[in-house]
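For reference, the structure discussed in these notes is given below.
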Amino acid sequence: MYETIKYKVESAVAWIGLNRPEKLNAFTRRMNEEIQHAVRASEDNAEVRAIVITGEGRAFCAGQDLTEVTPETNLGDVLLDLYGPMIKEVANCEKPIIAAVNGVAAGAGFSLALACDFRLVSEKASFVNAFVNIGLIPDCGNLYYLTRMIGQAKALELSLLGEKVTAAQAEQLGLATKVIAAEEWKEQVTAFAEKVASKPTMAIGLIKQSLEASYHLSFDQYLKTEAEGQRLAGLTKDYKEGVTAYLEKRKPHFIGQ
Ligand code: T3D
């Protein structure tokens, strides 16, 4: 049913492969909507406990397909109607999402990687905050995430210069969870995704919510939110299993409930 992405679920991991390799996986309206749909389907599927977004071919994603926009396009409307909902689906997903950045991530492709919880970065990959190169500003929450991750000075530098950041530079900046050698790419990404999928999924969702809430709440409000999150985590089967396994001096077996 998907035309512009590949989608499969294997060993509790949903794999979303951006699939327009001849265009460096640049976003079309259709691809944007399909990503949104696939993330939602993964969120709704109890079998899925981690999501990986990656690119087919040599790129991760080159941002908006520039052959699809015209001078008449209202870019504000495009963001509000299309990119905003897609990036919110990723950002608000309660399950862990991994960007497996196999190659260049530019423009909104960079933003998509930033909205994920982890960035596994191939040694062949790079990031380009390309918006300024065509006279635009970073979008899809790009500056929101970038400033938090690497600080204002570096976020500005990347955004104002629009130059390529290599995998090694991304690691130094703190953008990469891990840089992976090309020959170990598939097995290391799979092992990482399966490790994440074996964790207590409900607690992960609550940790993500708490962290996000910390940016918007007073300390008092935050402590209340945290207490509610912990109350919910304490009701899960995985919490009971975690404590039991600890006391029995064995590894816990979490089921994501
Ligand atoms: O609706 C709106 O516009 C608002 C939303 C905006 C969100 C955005 O994402 S704006 C930013 C859009 N993206 C860019 O400006 C990036 C443009 N691409 C590049 O800067 C470079 O292609 C890359 C740095 C990504 C990769 O460079 P390189 O040297 O590895 O590859 P290349 O040779 O430049 O590209 C290969 C082909 O892909 C080429 O086609 P060709 O000549 O072989 O037929 C190139 O035109 C095509 N391609 C790459 N990026 C895009 C693209 N085609 C359409 N749209 C693209 N974004």
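Bear in mind that the values in this text are calculations on the coordinates, not laboratory data. Since the structure is predicted, the reported quantities are computational estimates derived from the model, not experimental observations. Methodologically, a virtual Cβ is constructed for each residue, glycine included, from the backbone with ideal geometry; neighbour enumeration extends over all protein chains shown.
Relative contact order of the chain, taken over Cα pairs closer than 8 Å and 6 or more residues apart, is 16 percent. Only helical runs count toward this figure. For the chain, summing -39,500 (n - 2.57) over DSSP H runs of n ≥ 4 and dividing by all residues gives -13500 deg cm²/dmol at 222 nm.
Note on T147 and K195: with the Förster distance fixed at 35 Å, the Cβ-Cβ geometry gives a FRET efficiency of about 0.75. Compared with the direct C-alpha span, the chain from E183 to R40 gains 48.3 nm at full extension, assuming 0.36 nm per residue. Going from the fewest other Cβ atoms within 10 Å to the most, the residues K95, K208 appear in the order K208, K95.
Placing +1 on the Cβ of every Lys and Arg and -1 on the Cβ of every Asp and Glu, with no other charges, gives the stretch 5-197 a dipole of roughly 280 debye about its Cα centre.
Shape of the stretch 201-247 from the C-alpha gyration tensor: prolate (a/c of 1.5 or more and a/b above b/c, with a ≥ b ≥ c the square roots of its eigenvalues). Taking the DSSP beta bridges with both ends in the chain, the antiparallel portion is around 30 percent. Name the shape class, rounded, prolate or oblate, that the alpha-carbon gyration tensor gives for the stretch 5-197, where a ≥ b ≥ c are the square roots of its eigenvalues, rounded holds for a/c under 1.5, and otherwise prolate holds if a/b is larger than b/c and oblate otherwise. In terms of gyration-tensor shape, oblate. For the stretch 211-253, applying the loop criterion from DSSP together with a ceiling of 12 other beta carbons within 10 Å to the chymotrypsin sites (Phe, Trp or Tyr not before Pro) yields Y215. Take the chain, connect every pair of alpha-carbon atoms lying under 10 Å apart with a spring to form a Gaussian network, then pick out the residue of P21, P200, P71 with the largest mean-square fluctuation. The residue that fluctuates most here is P71. Neighbours of K178 by Cβ distance under 11 Å: Lys/Arg scored +1, Asp/Glu scored -1, total -2. Of interest is the spacing of the C-alpha centroids, which for the stretch 34-88 and the stretch 202-242 amounts to 28 Å.
Judged by the ratio a/c of the largest to the smallest principal axis of the C-alpha gyration tensor, the stretch 59-127 counts as oblate, that ratio being 1.5 or greater while a/b is no larger than b/c.
If you plug the beta carbon distance of L136 and A227 into 1/(1 + (r/R0)^6) with R0 = 41 Å, you get a FRET efficiency near 0.45.
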